[in-house]
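Working notes, beginning with the structure itself.
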Amino acid sequence: MPEYTLKLRRYSPETGEAAYWQEFTIDLDGKRSVLDGILQAKDREDGSIGIRCSCRAAICGSCGVRVNGKPALACHTHLDEAARTAHGLGWNPPDEGQEKPAVITVEPMGNMPVIKDLIVDMDAVHWKKIQRVTPWLLPDGDPPEREYVVPAESMIDVTQSMACIQCGACVSDCLSMEVDPLFIGPAALAKAYRFVGDPRDGQHSERLKDLAEDPHGIYDCTHCFNCIEACPKGVAPMSQIMRLRRIAGADHEIDDRNNGHRHETAFVNNIERNGLLHEADLLPDSYGGKFHPRAVPELLSSLPVILTALRRGKVTPKKALLHQHKAEKGVKRIFERVHDEEERFELNLYVVGYEEEETQDGGTEQASAAGGQLPEERSPNK
Amino acid sequence: MPAHDVLIIGAGLAGQRAALAAAEAGATVAVMSKVHPVRSHSNAAAGGINAALNPDDSWESHAFDTVKGSDYLGDQDAIEIMCREAPGEVLWLEHRGVTFHRNPEGKLGTRAFGGASAARTYYVADITGQALLHVLYEQLMKSYDKVDRYEEWFVTALVQDDAGSCCGAIARNIKDGSMQLFAAKATILASGGAGQCFKPTTNALICTGDGIAQAYRIGAPLMDMEMVQYHPTTLAGNGILITEGARGEGAHLYNAEGERFMEKYAPNKMELASRDVVSRSEQTEINEGRGFPDGTVALDITKVPRKRTLEALREIVNIGRDFAGVDITREPIHILPGCHYIMGGVRTDVHGATTIDGLYAAGEVACVSVHGGNRLGANSLLDTLIFGRRAGEHAARRAAGMAMPAPSERQIDDEEATIRQFLRREHGSGRRISEIKDELGTMMNEKCAVFRDHNGLNQAHEIIRRLKEEAETAYIDDRGTVFNQDVLGAIELGYMLDCAECIVLGALDRKESRGAQFRLDFPERNDDEWIKHINLSVNGGDAPKISYSPVTMTQWEPEERKY
């Protein structure tokens with residue numbers, strides 16, 4: 001059996017000592033999981049290693065940790081893969097000729113307080129945020145005698161959010177939450193989509209207004225993609241947040257206090273017009289134009305930033321006021337194509353991978369469902 | 001001392017459903033679990049939930065399939081109740097937000113499942129259990145003002161009053177190690193099965209038979225414990241489950257010679273015969289040398305259209321990729337029968353009441369019995385919900401008519417003393433707890449699996465006796481109070497040893513082959529002598545006592561079982 005070295009972050013709240021690293025040598029096939037490795041160390045050497053775990057099959061969501069600094073389920077990460085990615089930072093391959101696999105580091109998830117070793121306090125952060133989004137169905141009126149009749153696709157669609165196992169991996173590495181601990185966050189907002197996308201729920205507008213108005217709500221996400229990378233179940237929380245935004249703005253015309261929707265509209269129009277972003281227009285447009293009463297205080301409050309930028313030569317008054325760039329034909333074509341679509345096409349990432357259905361003669365054809373190319377599922381831990 | 005009308009131990013589907021039902025009936029309710037509720041093993045039920053909801057289907061047909069699947073050991077009154085109430089329960093779930101698969105008209109759609117004469121399995125992709133569990137937890141969060149939740153509390157013992165009635169439980173708060181006595185007018189066990197007695201198993205690490213052993217220790221009889229289901233499609237080595245939904249969608253089984261061997265064993269239902277039949281067929285192929293060198297046969301899902309697989313069997317696409325390195329949409333995956341479900345458990349009536357006053361049980365911990373000798377796929381989710389609800393309602397009714405009991409705090413001292421004992425044992429004073437657990441599981445999977453015989457079972461019993469002694473001196477490493485999982489493991493080992501002993505004693509006693517129990521030395525079903533339940537009980541420290549109870553028959557006489 002190959003040997004691997006696990007370097008675990010240990011912390012015991014009762015000893016009065018600071019957290020420390022401890023290495024364990026394990027022997028297991030490389031296709032066994034990091035969790036199997038931790039359990040072997042626990043069984044053979046030190047039963048006091050703390051880790052929540054149960055199903056071993058990536059369905060219970062107990063064993064969220066950071067492996068080599070990246071959030072993952074310990075049971076869903078192969079030892080050989082973890083040893084390969086342990087070199088250097090991130091996901092670099094091993095140096096050539098390297099004989100011994102590198103040390104695999106395992107530490108508790110981020111953005112949540114550590115209770116002991118690899119166990120974090122999910123109640124204090126994750127579950128509080130889940131509770132924030134009114135996480136239960138609120139249908140209008142009494143239920144029908146039989147089932148609710150709803151489009152088949154809508155159920156497949158919300159099943160992507162339903163696939164969330166509440167492991168907390170996305171919460172662990174949410175950059176917005178790091179800056180704003182009150183951000184409702186990826187897992188809870190994905191949960192919110194589960195109701196907004198469910199035709200049986202009768203409170204779509206109320207839910208969206210609530211999440212758009214909250215300064216820590218849907219417009220607090222910064223598009224960093226970390227949650228999509230982190231999710232072991234393909235829930236793609238950020239995509240769900242973006243859908244909440246589109247539905248709030250386009251379908252419910254929610255004019256939120258945070259100006260999130262108008263900012264997005266301004267951004268898109270700005271690109272359509274200029275091809276490249278004309279930053280001097282973006283800010284006023286986001287507040288309804290240079291002369292809109294709401295834009296004035298915003299512009300005034302931005303003056304120091306603008307002045308600093310001018311002083312440092314980041315912008316010149318000419319560039320700022322007279323944007324020369326005009327959108328190219330290609331850009332225009334993209335916008336025309338999108339405007340021509342009769343219905344807004346929502347990406348459903350849940351059903352992926354069959355866009356290249358093989359035909360009998362060995363060629364490939366585009367799947368008609370979902371209307372075209374779908375991105376491959378991201379699964380950094382396979 | 002916290003006191004509730006109804007205390008529910010375990011927060012999987014049975015426990016959560018019981019909590020919601022008891023709260024709706026007006027009781028004050030607490031639900032307690034050693035893990036966060038959504039980590040419960042109900043998650044793992046992938047394929048779906050059975051109900052005769054379609055107008056062309058009938059509850060009688062569902063009930064007959066269940067009776068036949070049980071190999072005529074199931075109690076037909078209980079089966080009738082389950083199958084009659086199934087459609088209502090599925091609609092209840094749908095109304096609360098379960099994202100069940102729809103047909104093109106937008107109504108509930110079904111898939112085929114093993115042992116069923118109609119397609120009556122309702123599902124959410126292949127995460128049905130997870131979807132149900134999370135939706136029930138949504139409802140539990142909604143009922144925050146009616147149901148108290150004790151998450152990550154570990155029950156060490158049930159508490160009885162002088163008359164023998166169950167009046168609560170003692171539990172350890174895992175987060176800080178403190179012990180607490182909980183008083184309750186009614187206590188419902190919903191703490192799941194005991195699959196960890198076997199290694200490998202599809203069951204989660206938490207399935208250590210806690211509730212089964214707790215009830216057994218205060219004198220409740222365990223019934224049909226010998227009936228352990230081996231699921232036909234599990235991965236070698238780690239025992240991870242490949243859902244029966246795969247065969248329901250049309251996957252085939254092949255031996256190493258490329259032969260679709262189910263033609264020989266179940267020419268009509270083929271791969272969709274009941275689980276005991278398919279598992280035995282596979283094991284026969286493997287034992288007779290027609291398996292692959294790794295002791296497996298092949299499950300070929302490439303028969304299912306790729307788009308359908310990716311939509312409806314997504315979870316096992318991931319499992320194939322992540323746990324076996326196989327793209328199941330393009331190549332067969334190697335599988336073998338593996339320990340999956342305990343049909344037996346704490347004996348209850350159709351209201352979930354055990355023979356101990358004030359104690360109820362529902363779900364895998366209980367034996368009503370609706371599964372008899374063999375459970376049909378997609379009947380377990382149904383069992384948890386129907387009997388979880390019934391237990392919750394009945395317990396609430398009981399509580400409405402009585403005063404709150406006041407159990408003595410003294411028993412906490414006994415429990416604390418037991419735990420201190422583990423903490424005091426010197427390193428190297430005996431074996432490691434993990435070693436004993438490992439030996440138990442490996443041994444049970446060898447001697448008490450698909451095929452059994454007297455000698456093997458006898459050896460198994462001797463080994464369990466020895467392991468019980470060794471557990472008396474086994475030591476642990478962790479001396480702390482915060483999340484001391486080591487001490488919980490030591491207590492769980494005790495639960496597992498009790499369960500394993502009952503499984504082996506039941507298997508030894510049943511001198512016939514029925515359902516999941518196949519005795520090489522008694523290969524025939526013997527209806528004259530063995531249409532009866534085996535009950536095991538203990539009184540204090542005495543040896544387990546065997547007694548029998550009749551199987552309730554309503555409208556289906558035993559007949560030969562062919563698929």
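The values are calculated or read from the model by the stated rules, or taken from the named source; none is laboratory data. A quick note: this is a predicted structure, and the numbers were derived from the prediction, not measured. Don't worry about glycine lacking a Cβ; one is built from the backbone with ideal geometry, like all the others, and counts go over all protein chains shown. Please note that ligands, DNA and RNA were not included when accessible areas were found on the heavy atoms of the full protein model with its side chains. Shrake-Rupley method; radii C 1.70, N 1.55, O 1.52, S 1.80 Å.
Things to note:
- Simple spin-label estimate for B:ARG321 and A:GLN324 in nanometres, 7 Å along Cα-Cβ: 4.8
- Cα-only radius of gyration and Dmax that characterise the protein assembly as shown, units Å: 28.9, 101
- 10 Å Cβ neighbours from other chains, averaged over peptide A:136-148: 5
- Taken across both chains, chains A and B shield about 5900 Å² of accessible surface from a 1.4 Å probe.
- For region B:376-498, relative contact order (Cα pairs under 8 Å, six or more residues apart, normalised by length) works out to 30 percent.
- Principal axis dimensions, largest first and in whole angstrom, of chain A by Cα: 71, 66, 52
- Across region A:226-330, the fraction of Cα-Cα pairs farther apart than 15 Å, rounded to a whole number, is 72%.
- Helical mean residue ellipticity (222 nm; -39500 (n - 2.57) per DSSP H run of 4+; nearest 500) of the protein assembly as shown: -10500 deg cm²/dmol
- Derived scalar couplings between HN and Hα for region A:154-167 equal 5, 6, 4, 4, 6, 5, 4, 5, 5, 6, 4, 9, 6, 7 Hz in order, rounded to whole Hz, by the Karplus curve 6.51 cos²θ - 1.76 cosθ + 1.60 (θ = phi - 60°), x for Gly and Pro.
- Unpartnered cysteines - no second Cys beta carbon under 4.7 Å - across chain A: A:CYS75, A:CYS164, A:CYS167, A:CYS174, A:CYS221, A:CYS224, A:CYS231
- Cross-link reach is defined here as a Cα-Cα straight distance under 17 Å, omitting same-chain residues fewer than 8 places apart; for B:LYS185 the aspartates and glutamates meeting it are B:ASP5, B:GLU24, B:ASP148, B:ASP161, B:ASP162, B:ASP357, B:GLU393, B:GLU409.
- Kirkwood analysis of region B:21-109, using all unique Cα-Cα pairs, places the hydrodynamic radius at 15.7 Å.
- Length gained on full extension, B:GLU462 to B:ASP521: 19.3 nm, using 0.36 nm per residue less the C-alpha separation.
- Region A:127-147 and region A:170-201: distance between their alpha carbon centers, rounded to Å: 17
- Phi angles of region B:345-354 translate, via the Karplus equation with coefficients 6.51, -1.76, 1.60 and θ = phi - 60°, into HN-Hα couplings of x, 6, 5, 9, 8, 6, 9, x, 6, 8 Hz per residue; Gly and Pro are given as x.
- Percent of Cα pairs exceeding the 12 Å cut-off, where the set is region A:15-57: 65
- Look at the stretch B:319-332: the mean tally of other chain Cβ atoms within 10 Å of its residues' Cβ atoms is 3.
- The 1.4 Å probe gives accessible areas that order A:SER301, B:SER191, largest first, as A:SER301, B:SER191.
- Relative to the longest principal axis of the Cα atoms of chain B, the long axis of helix B:433-447 lies at roughly 40 degrees.
- Descending by average beta-carbon neighbour count within 10 Å, the peptides A:119-129, B:376-386 line up as B:376-386, A:119-129, the highest first.
- Counting charges near B:SER191 (Lys, Arg +1; Asp, Glu -1) among other residues having Cβ under 10 Å from its Cβ returns a value of -1.
- Beta bridge orientation in the protein assembly as shown: antiparallel %, DSSP, nearest 5: 70
- Averaged over B:235-241, number of beta-carbon atoms from partner chains that fall within 10 Å: 3
- Angle of helix B:13-24 to the longest C-alpha principal axis of chain B, folded into 0 to 90 degrees and rounded to 10: 60°.
- Choice from A:GLU264, A:GLU279, A:GLU341 showing the highest fluctuation, given a GNM over chain A with Cα pairs closer than 10 Å: A:GLU341
- Cα pair distances exceeding 21 angstrom across region A:140-245, given as percent: 36
- 11 Å beta-carbon shell around A:HIS216, net charge (K/R +1, D/E -1): -2
- Per residue convex hull volume, Cα atoms of region B:57-96, in Å³: 63
- Amide H to amide H, with H built 1.01 Å from N, B:GLY430 comes under 5 Å of B:TYR475, counting only residues 5 or more places away or on other chains.
- Each Lys or Arg adds one and each Asp or Glu takes one away; over the other residues whose Cβ falls under 10 Å from the Cβ of B:LYS468, this sums to -3.
- Accessible surface of the protein assembly as shown, 1.4 Å probe, proportion on carbon and sulfur as whole %: 50
- Computed from Cα atoms, the angle from the helix B:76-95 axis to the main principal axis of chain B rounds to 90 degrees.
- Phi to ³J(HN,Hα) by Karplus 6.51 cos²θ - 1.76 cosθ + 1.60 over region A:31-48, Hz, x for Gly, Pro: 8, 7, 8, 4, 4, 4, x, 4, 5, 5, 4, 5, 5, 8, 10, 8, x, 8
- Within a Gaussian network of chain A (alpha carbon springs, distance under 10 Å), most fluctuating of A:LEU322, A:LEU208, A:LEU182: A:LEU322
- Residue pairs exceeding 24 angstrom between C-alpha atoms, taken from A:LYS31/B:LYS468; A:LYS290/A:LYS318; B:LYS437/B:LYS532; B:LYS107/B:LYS307: A:LYS31/B:LYS468; B:LYS437/B:LYS532.
- By average C-beta atoms within 10 angstrom, highest first, the peptides A:199-205, B:288-294, B:38-44: B:38-44, A:199-205, B:288-294
- Averaging Cα coordinates gives a centre for region B:91-142 and one for region B:389-413; these two points are 33 Å apart.
- Span per principal axis, largest first, for the Cα atoms of chain B (Å): 64, 53, 49
- Accessible area per residue for region B:269-358, computed on protein heavy atoms with a 1.4 Å probe, is 31 Å².
- Spherically averaged projected area of region B:223-357 from its Cα convex hull (nm²): 10.1
- Highest to lowest packing among A:240-250, B:143-153, B:539-549, scored as the average C-beta count within 10 Å: A:240-250, B:143-153, B:539-549
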